[in-house]
Amino acid sequence: MIMKNYKYILIVCGLFFLLNNLNGQARYFDERYITTQHFINPVIINPGAVGGNVYHQIIGNYRNKWSTFPGAPKSYILSYDGPIGNRLGFGAMLVSDNNGALQTTKGQGTLSYTINTDTNKIGFGVSGEYIDHTVESGLLNDPFTDSDDPTLLGRLDGVRFFDVSFGIYGEYANSITYGLVLPGLASSQLDGDEGNFETEFSYIAHAGYIWDVEGYDLTVEPAIFVKQLQYVPLHLDISVLMKFLDEKLLGGISYTVGADERLGFALGTRVNGLNFSYTYNISRHDFQSYNNGSHEISVKLQLGRTDKKDMMDEAIEVEEMENIKSTKN
């Protein structure tokens with residue numbers, strides 16, 4: 001049964017890859033590049049991670065890149081995902097990004113299918129994405145801007161795209177994590193008169209390990225992400241995430257090599273189903289001397305989640321009640 005499902009997934013991937021190569025249109029850039037908390041909240045970038053838990057979760061994310069620099073890029077993400085049936089999951093996401101004069105808005109809906117075996121848990125997700133790129137009209141007042149540029153004038157009303165992306169996210173033997181994202185497998189520009197754009201094959205591949213340190217209430221999760229995204233050079237994100245006290249506290253460090261060489265630090269806490277996480281990144285490039293680094297904050301609400309200890313206590317109580325009932329009978 002599982003092998004049959006894998007065959008269907010491979011066929012779908014092949015069809016999407018063919019559509020991507022036949023279609024010469026693509027959006028400006030991939031919004032998955034703007035977040036640095038994907039190693040904490042993988043659902044932000046990977047459709048395969050949608051609905052992979054028994055609880056529903058809502059994530060609010062804010063990032064201020066190059067803080068203190070005038071007109072610094074700012075982005076906002078609001079995400080929901082959760083199970084909707086046997087092995088099925090649903091997710092929805094809104095993204096708003098302001099980068100100079102370019103404003104990007106994205107709406108995304110995702111369906112996923114998760115397979116659980118004794119040793120492996122793997123989710124497959126397909127997302128439909130509406131993207132709108134708009135140039136601010138105030139740019140025309142800039143003395144260095146050619147206000148008669150037909151390309152610029154054509155972007156004032158926005159350029160819209162519809163993409164279909166695919167993702168796989170899995171965990172093997174409760175210790176190895178892996179994932180693959182294929183963004184924009186099918187990409188179509190909704191404004192047909194705006195011309196064609198060159199397209200690039202994009203992907204995000206990741207592998208990680210979950211190490212429960214014996215004798216300590218500590219989990220260490222090293223991971224590596226390889227990213228080739230639309231109009232973003234190839235780069236690697238290397239991270240180590242540490243979780244303490246039944247995941248009530250977390251800390252981590254990350255380093256990016258390639259498109260944007262940066263060093264990052266992460267801190268977070270969890271109280272039952274309410275999670276807070278903060279990351280700070282500094283770049284090795286000369287431009288770092290003109291800004292105060294990048295700040296990113298996430299608030300995640302996991303509806304129905306309790307601490308592991310509470311869940312274990314509940315399981316013990318249920319088992320004791322069952323034993324009492326069987327004794328009476």
Next item on the list: Name all residues of segment 255-270 having a backbone nitrogen under 20 Å from the label point set 7 Å from the Cα of F69 along its Cα→Cβ direction, giving them as ranges.
Entry: 255-265
Notebook entry, point to check: Hey, with R₀ at 51 Å, roughly what FRET efficiency would I176 and S289 work out to, going by the Cβ-Cβ distance, to 0.05?
Noted result: 0.80
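Please give the length that would be gained between L190 and L301 if that part of the chain were fully extended, namely 0.36 nm times their separation in residues minus their C-alpha to C-alpha distance (nm, one decimal).
Numbers: separation 111, 0.36 × 111 = 39.96 nm, distance 3.47 nm.
Length gained, L190 through L301: 36.5 nm.
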Check: Cα-Cα over 28 Å: which of K65/K121; K106/K227; K227/K248; K65/K300?
Finding: K65/K121; K227/K248
Next item on the list: Express in nm, to one decimal, how much length is gained between W211 and N120 on full extension, taking 0.36 nm for each residue of separation and deducting their alpha carbon distance.
Entry: 31.1 nm
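Rule-based calculations on the coordinates, nothing more; no lab input. The model shown is predicted, which means the values in this text are computed figures rather than measured ones. Please note: Cβ atoms are built from the backbone with ideal geometry, for glycine as well, and neighbour counts cover all protein chains shown.
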